[in-house]
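Notes follow the structure.
The values are calculated or read from the model by the stated rules, or taken from the named source; none is laboratory data. Computed from a prediction, not measured in an experiment: that's the story for all the values here. We place every Cβ from the backbone using ideal geometry, glycine too, and count neighbours over all the protein chains shown.
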Amino acid sequence: MSEFTGECFCAEIQYAVRGPLGPARSCHCSRCRKAFSGAGSAYLPVDPETFSWTQGADGLRRFESQHGAGIGFCGRCGSTLCGLYQGQVVGVTLGTLNGDPPVEIADHIFVGSKAAWDHIGGTAPQFDAAPGEPVKRET
């Protein structure tokens, strides 16, 4: 079984994901721009059963919305490490994975609300909202 590891900028908090990695996505909504301080988020959905904190979990800080969705970040360096849903890790940020894992952005979502200065490259499909909704952009 494959194991992939990741960590925050200061390396105080570390994690592992066991098993194959699925397709990644990039979200360009206004909430992700604020949470990730950039054009959006680049993240890898994970099954909570395959995820574990391996070091420094007590340093993790959480922000969760009233709907149970949120993020986990390092209380020391501020790196956003993961996406949360009802207290469980459901995704990891691609920038925190160690090495060069075999993963690519499969799609860009909420492109309809991206910042005007955000110019998306590559050939991954772009969706105005969430995948499966009727409007898809040509890349």
* Structure fact -> Of (1) at pLDDT below 95; (2) within 27 Å of residue 1 (Cβ to Cβ); (3) β-branched (Val, Ile, Thr); (4) over 13 Å from the mean Cα position of the chain (by Cα), residue 123 fails just (2)
* Any residue at all in segment 127-139 that is surrounded by 13 or more Cβ atoms within 10 Å (Cβ to Cβ), of a type in the set (D, E, K, R), touching a residue at least 24 places away in the same chain (Cβ under 8 Å) and part of a loop (DSSP other than H, G, I, E, B)? -> no
* Asked: Can you tell me which of 105, 13, 71, 109 is surrounded by 15 or more Cβ atoms within 10 Å (Cβ to Cβ), among the β-branched types (Val, Ile, Thr), touching an Asp or Glu at 6+ places or on another chain (Cβ under 9 Å) and under 21 Å from residue 122 (Cα atoms)?
  -> 109
* Asked: Which one of these is farther than 23 Å from residue 109 by Cβ, out of contact with any Asp or Glu (no Cβ under 6 Å at 6 or more places or on another chain), of a type in the set (A, V, I, L, M) and at pLDDT 95 or above: 81, 60?
  -> 60
* **Flag if residue 39 is surrounded by 14 or more Cβ atoms within 10 Å (Cβ to Cβ) and more than 26 Å from residue 115 (Cβ to Cβ)** => no
* To do: Collect the residues in segment 1-14 that are under 14 Å from the mean Cα position of the chain (by Cα) and either assigned to a strand (DSSP E or B) or at pLDDT below 90 (or both), keeping them in residue-number order.
  => 6, 7
* Asked: Is there any pair with a first residue in segment 45-56 that is within 13 Å of residue 21 (Cα to Cα) and in a strand (DSSP E or B) and a second that is modelled with pLDDT of 95 or more and of a type outside the set (Lys, Arg) whose Cβ atoms are under 6 Å apart and which are 6 or more apart or on different chains, and what are they?
  -> 45/91; 51/17; 51/89
* Can we say residue 96 is of a type in the set (Val, Ile, Thr), free of Cβ contacts under 8 Å to residues at least 60 places away in the same chain, surrounded by 18 or more Cβ atoms within 10 Å (Cβ to Cβ) and under 25 Å from residue 2 (Cα atoms)? -> no
